[in-house]
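None of the figures in this text is laboratory data; all of them are computed from the coordinates on show. The structure displayed is predicted, hence computed values, not measured ones. Methodologically, a virtual Cβ is constructed for each residue, glycine included, from the backbone with ideal geometry; neighbour enumeration extends over all protein chains shown.
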Amino acid sequence: MSSPLSIAAIVGRPNVGKSTLFNRLIGRRSALVEKKPGITRDRNYGKAQYHGFEFIVVDTGGFEPVAETSLIQKMAKQAQLAVEEADCVFFVVNAQEGWTPEDEEIYRTLVEAERPLFVVVNKADNQRLENESLEFHQLGIEKIFPVSSEHNRGIEGLLQEVNQQVPLQQKNLDSEKELNNPETPVAVAVVGKPNAGKSSIVNALLRKERMIVDPVSGTTRDPVDSLCVYQGQEILLVDTAGIRRRGKVSQKIETFSIVSALRSIERSDVALLIIDAEEGITEQVLKIAGYVNERRKSLIIVLNKWDLAKKEGKSRKEVENEVLHRLNFISFAPLIFVSAKSGQRVHQIFDLIFQVHKQYVRRIQTSDLNTMLQIIVNQHPPPSKSGRPTKVFYGNQVSVAPPTFVFMTNNPDKTNFAYERYIANQFRHHFGFEGTPLNFIWRKKKSTHGRKSGKNA
């Protein structure tokens with residue numbers, strides 16, 4: 001199990017380059033970047049992996065409160081919201097525009113928040129602008145960090161400085177031996193939208209009031225780990241933190257609950273996705289499920305408050321169909337209908353945790369793998385290329401957690417998503433792998449000693 005990743009919030013007024021910095025840190029063009037101020041609206045949190053540093057980064061451009069207030073008030077509220085969950089804050093200003101009254105207002109708010117604060121002077125795209133940014137020191141700011149997010153200048157130096165105060169650690173990957181060690185606790189992230197019953201589920205599993213349970217969303221402030229033992233095996237339950245409402249500041253509380261869920265997911269082997277059976281599948285549930293799947297964790301879908309949903313006339317088949325339809329990208333995850341309040345079927349969650357974790361760290365013998373692979377491929381060959389058959393010569397399982405397979409082929413480009421889904425379904429049918437994602441890597445088989453790559457090895 002990994003240690004918690006630190007959270008860095010990117011704060012600043014519109015059009016200073018927050019989203020460009022965000023994209024640079026996570027290594028892909030995830031946030032929308034446009035010169036029109038306030039364009040960021042969604043998908044503004046992710047895992048930064050930059051030059052050996054790993055942390056969760058939040059682009060706060062999309063967190064403007066709904067209330068119609070002045071720009072300064074909006075930015076001050078946005079900054080206050082961001083730092084509620086952050087371990088440190090990147091306050092981004094524009095080197096080409098200099099210090100503005102809006103910057104001053106946000107800066108004062110951030111200083112009062114007493115979080116490690118780093119003033120990032122963005123858009124210092126050349127040496128002249130970098131030199132001019134030094135005048136920010138005259139404002140009483142002890143240390144500034146001139147960067148160019150667009151041209152990838154100065155960012156590594158910024159992160160090295162941050163790492164002195166807030167660990168931007170590398171992920172601690174457990175060895176396969178450690179993962180399969182029965183004495184190693186199975187780390188379970190309990191995730192879901194606010195008020196879905198996460199803390200109640202943890203309490204029911206522990207059979208004691210380990211968490212504070214409150215019907216108001218966002219009661220839990222920090223992740224709380226609870227170690228328990230079931231049938232001789234230790235389980236570490238990580239309850240996902242929400243954030244406390246502070247007046248009307250937390251207009252975007254749901255977004256930060258996803259950030260917190262992401263932090264817990266990173267530490268886990270198994271995720272319990274808690275869904276309010278009365279409410280069903282919301283957009284936020286879809287986002288959290290997507291993050292579990294992206295992080296390639298084993299997964300169990302827990303439909304909580306099933307006793308109340310039944311009273312409202314919902315049938316189990318109806319709810320199952322909704323889950324399978326809207327969460328079809330995690331169709332490998334088992335479903336369980338529970339009531340944390342009455343304790344109905346809650347104890348069965350433990351058995352499911354062990355089942356899916358066993359599949360998560362499972363290794364298939366190479367001979368069995370290739371015997372079944374050839375049967376699967378012969379039943380339904382991959383798409384051909386220009387009339388030339390695509391062949392799959394052999395496969396190897398290269399790692400676990402999740403199970404990852406490398407397949408050697410003469411044409412890796414034609415093994416598309418649809419064909420991968422077929423392979424995955426067949427693997428699940430023959431080998432199991434319930435509750436765990438599968439990773440497939442396709443590589444071109446090189447010819448050796450004059451043999452063409454199209455021949456069997």
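Tabulated results
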read-out: Surrounding net charge for residue 343, when Lys and Arg each add one and Asp and Glu each subtract one, Cβ distance under 11 Å; value: +2
read-out: Tail fraction, Cα-Cα pairs, the range 278-363, threshold 18 Å, whole percent; value: 48
read-out: Extended-chain gain in nm, criterion 0.36 nm per residue less alpha-carbon gap, residue 404 and residue 378; value: 7.2 nm
read-out: Estimated FRET transfer efficiency (residue 444, residue 420; beta-carbon r; R0 25 Å; 0.05); value: 0.95
read-out: Sequence-distant residues sharing a close amide H with residue 442 (under 5 Å, placed H); value: 407
read-out: Residue-count net charge about residue 308 - beta-carbon cut-off 12 Å; Lys, Arg +1, Asp, Glu -1; value: 0
read-out: Environment charge of residue 154, counting only residues whose C-beta is closer than 15 Å and scoring Lys/Arg +1, Asp/Glu -1; value: -1
read-out: Label-point separation in nm, residue 225 to residue 132, each point 7 Å along Cα→Cβ; value: 4.9
read-out: Residue (of 117, 146, 159) at the positive-pole extreme of the range 94-161, dipole from beta-carbon charges; value: 159
read-out: Cα centroid separation - the range 117-139 against the range 306-356, whole Å; value: 53
read-out: Gyration tensor verdict on the range 105-173 (Cα atoms; rounded if a/c is under 1.5, prolate if a/b is larger than b/c, oblate otherwise); value: oblate
read-out: Label-point gap, in nm, between residue 331 and residue 96 - each point 7 angstrom along Cα→Cβ; value: 4.8
read-out: Whole-Hz ³J(HN,Hα) from phi, Karplus 6.51 cos²θ - 1.76 cosθ + 1.60, for the range 153-167, glycine and proline x; value: 10, x, 6, 5, x, 4, 5, 4, 5, 4, 4, 5, 10, 10, x
